[in-house]
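Asks: What follows is a structure written as structure tokens; I'll ask about it next.
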Amino acid sequence: MQLVYFAWVRERVGKSEETMQLPGDVETVADLIAHLVSINEIYGAALGDTDKIRIAVNQEHVSTDHPVTDADEIAFFPPVTGG
Amino acid sequence: MAQISVQAGDFNISDEIDALKGGRTDMGAIVTFTGTVRDVTGELNAMTLEHYPGMTEAELARVAEEAEARWPLVGCRVIHRYGRLEPGDNIVLVITMSAHRHAAFDAANFLMDFLKSRAPFWKNEETGAGSGWVDARESDHAALKRWD
């Protein structure tokens with residue numbers, strides 16, 4: 001799967017994108033966040049407060065119960081502030 | 001079918017209206033909304049807009065498609081800029097055209113409300129004290145409820 005990050009999420013992770021193998025026990029966005037947060041405190045600081053982040057799977061807004069697969073592009077970012 | 005552009009460069013409102021009209025005469029109402037970089041306190045040096053290439057265009061097209069499904073529009077144009085902008089610079093342009101004014105006004109209003117809560121842009125403000133990400137406003141999210 002391809003992970004992409006924007007705004008302060010990108011700054012906290014320290015990169016704008018990365019490719020990662022989907023762990024076998026990850027089925028949803030919420031599972032994926034829990035997995036990333038368990039890797040180290042860098043992901044914890046970026047993604048640990050799930051109220052403050054928004055998620056897109058394959059470039060569409062989704063909620064944390066949305067399923068994920070290894071072929072997906074999954075984006076993490078703060079609430080949007082355009083316009 | 002709405003025309004969507006996500007671009008670094010500025011836009012000319014008059015040119016965009018002419019292009020959208022394309023010689024047609026069956027619209028009686030043209031509404032334009034322009035959003036600009038606001039500096040209320042005089043402390044803002046610049047604002048940099050980050051976006052999600054690909055999703056930005058797709059999301060703006062989805063919002064425009066919803067507007068076109070709700071109101072009888074004969075033309076719809078959305079331009080949103082990204083990159084570093086200074087106070088007073090244009091950020092966003094919405095143009096709606098319809099036979100009657102209510103549809104054009106309402107569609108433009110709807111487009112801006114949904115664009116602000118769904119289009120993947122993030123503003124970073126530069127002041128003399130440093131730079132920081134702009135927080136999302138609860139009022140922008142609440143504005144969507146009136147379209148339910």
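Asks: Suppose every K and R has +1 on its Cβ and every D and E has -1 on its Cβ; what is the size of the dipole of chain A about the Cα centre, in Debye to the nearest 20?
Replies: It works out to roughly 380 debye.
Asks: What average count of beta carbons from other chains do you get within 10 Å of the Cβ of residues in B:117-125?
Replies: Partner Cβ neighbours, averaged per residue: 6.
Asks: Kindly put A:L3, A:L36 in sequence by how many other C-beta atoms sit within 10 Å of each C-beta, fewest to most.
Replies: Going from least to most buried by this count: A:L3, A:L36.
Asks: What FRET efficiency do you get for B:A99 and B:E66 if R0 is 25 Å and r is their Cβ-Cβ distance, rounded to the nearest 0.05?
Replies: Plugging the Cβ-Cβ distance into 1/(1 + (r/R0)^6) gives 0.80.
Asks: Mind grabbing the base-10 log of I(q)/I(0) for region A:1-47 at q = 0.25, 0.28, 0.32 Å⁻¹? Debye formula, identical points on the C-alpha positions, no solvent, two decimal places.
Replies: -0.98, -1.17, -1.31
Asks: Grab the beta carbon distance between A:T69 and B:D148, set R0 = 25 Å, and tell me the FRET efficiency rounded to 0.05.
Replies: 0.15
Asks: Give me the angle, in degrees from 0 to 90, between the Cα long axis of helix B:101-118 and the longest principal axis of the Cα atoms of chain B, rounded to the nearest 10.
Replies: Taking Cα atoms only, the helix is inclined about 40 degrees.
Asks: Also, quick follow-up: Give me, ordered by chain and number, the residues 5 or more places off A:D72 or on other chains with an amide H under 5 Å from its own placed amide H.
Replies: Excluding prolines and chain starts, which carry no amide H, the hits are A:Q2.
Asks: Ok, one more. Give the calculated FRET efficiency between B:E126 and B:S14 to the nearest 0.05, with a Förster radius of 30 Å applied to their Cβ-Cβ distance.
Replies: E between B:E126 and B:S14, to the nearest 0.05, is 0.50.
Asks: Right, here's the next one. For region B:67-132 and region A:1-56, what is the centre-to-centre distance using only Cα atoms, to the nearest Å?
Replies: Taking the Cα centre of each part, region B:67-132 and region A:1-56 sit 29 Å apart.
Asks: On the first, second and third principal axes, largest extent first, how far apart are the outermost C-alpha atoms of the protein assembly as shown in Å?
Replies: Principal axes ranked by extent give 60, 42, 29 Å for the Cα atoms.
Asks: Per residue, how big is the convex hull around the C-alpha atoms of region B:3-129? Give it to me in cubic angstrom, could you?
Replies: Taking the convex hull of the Cα positions in region B:3-129, it is 102 Å³ per residue.
Computed from the coordinates by the stated procedures, all read-outs in this text should not be read as laboratory data. Just so you know, these numbers come straight off a predicted model, no measurement behind them. Please note: Cβ atoms are built from the backbone with ideal geometry, for glycine as well, and neighbour counts cover all protein chains shown.
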